[in-house]
1. Can you compute the charge dipole magnitude of the range 5-178 about its Cα centre, using +1 on each Lys and Arg Cβ and -1 on each Asp and Glu Cβ, nothing else charged? Give it in debye, rounded to the nearest 20.
2. With a sphere of radius 13 Å drawn around the Cβ of E170, what net charge do the other residues whose Cβ falls strictly inside it have (Lys, Arg +1; Asp, Glu -1)?
3. How large is the direction-averaged shadow of the alpha-carbon convex hull of the range 72-194, in nm²?
4. Go through G52, H192, S39 and say which Cα lies farthest out towards the positive end of the charge dipole of the chain; charges sit on Cβ, +1 for Lys and Arg, -1 for Asp and Glu.
5. Extending each Cα 7 Å along its Cβ direction at S222 and V190, get the distance between those two points in nm, one decimal.
6. Under a point-charge model restricted to the Cβ atoms of Lys and Arg (+1) and Asp and Glu (-1), what is the dipole moment magnitude of the chain relative to its Cα centre, in debye to the nearest 20?
7. Choose one of M237, N78, N174: the residue whose Cα lies farthest towards the positive end of the charge dipole of the chain (beta-carbon charges +1 Lys, Arg; -1 Asp, Glu; about the Cα centre).
8. Compute the relative contact order of the chain as a whole-number percentage, counting only Cα pairs closer than 8 Å that sit 6 or more residues apart in sequence.
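Every read-out reported here was derived from the displayed coordinates using simple, explicitly stated rules and does not represent laboratory data. Quick caveat: nothing in here was measured; it's all calculated off a predicted structure. Methodologically, a virtual Cβ is constructed for each residue, glycine included, from the backbone with ideal geometry; neighbour enumeration extends over all protein chains shown.
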Amino acid sequence: MTQVFDRIAIIGVGLIGASIARAAREFAAAGAVSLYDASDAARTRLRELAIGDVFDDPQAAVADADLVVLAVPVGAMNGAIAAVAPALKPGAIVTDVGSVKAAVIDAVRASVPPHAFFVPGHPLAGTEHSGPDAGFATLFKGRWHVLTPLDDPRPDYAEAVAKVGAFWLEIGANVEQMDAARHDVVLAVVSHLPHLIAFNIVAMAEDLESVTESEVVKYSASGFRDFTRIAASDPTMWRDVFLNNREAVLEVLGRFSEDLAALQRAIRWGEGDTLYDLFDRARRMRREVIEAGQDTAAPNWGREN
Ligand code: NAP
């Protein structure tokens, strides 16, 4: 265990922020942790949880911090950086955990003062729960943390990027660097579109007049319930993701709709080979995900029923 920062400050302490606070302490990656959340209820709960020093004023929270982590919804990043910027100390590093990168860079970059550094990032880890109680120290273990560094010509910038990477490695993540635009397209495929499909299927099933809601709930184990888990994710977070990754999502969604129409045609015309080939390809992808350590091979994800 190596202490990477003397003090970190976390702005927005829900699932991700509380997990970083817990992990930073458990893996001793930071000497001390300051916490600020805009919600009074969250701050009260954080004092009870005792996972860091809780501040009622965002500027007091960051004043002594070497690393400031913005862990608020994507649409709140601009307000969050504006609230802390005047109090950032010389050499402070600001990072974020937003699920979208180009829009967050646009929202944050201009407000970071010239004596500080901004190293954008996104942990590919999460659950469908939110709020301070949802956080746990091992959330990032074995998961990717993608850094999307800026084109910042200052000689110290590379060192700031390296320190942020070292912090995430220390709390269990694998660290990768990517261009922000590329990140947004990749995430549209592996995360944003799957969530959109889950939200849509669950809402559609609730709307279908030919089945009652009680039947949907009763027989949900046959595939539907895995969609309900994804669709239980925080509506504020996901609204902000789609509003801020519009182009990439629309591009991927266009391709998805075309392919879905082709599947529809294959079903209509009884083209078994077309269906089989596609399902077989999809099944192989599942094996690759397991081999890459990104999921368990246990039947039904290790559930007992
Ligand atoms: P969360 O559990 O809802 O926590 C966010 C917290 O930030 C809430 O307590 C919220 O308070 C607070 N907040 C909102 N605006 C604020 C502001 N201006 N200043 C200070 N606090 C503020 O959300 P989360 O799941 O941790 O997500 C946080 C970020 O991580 C998002 O950008 C999301 O895209 C990203 N992310 C999420 C996941 C995931 O699976 N959940 C995974 C990777 C990355 P209120 O509730 O009162 O608004």
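1. With Lys and Arg at +1 and Asp and Glu at -1, about 180 debye.
2. That works out to +2.
3. 7.8 nm²
4. Going by the charge dipole, the pick is G52.
5. 3.3 nm
6. 360 debye
7. Result: N174, furthest along the dipole toward the positive end.
8. Worked out over the chain, it gives 16 percent.
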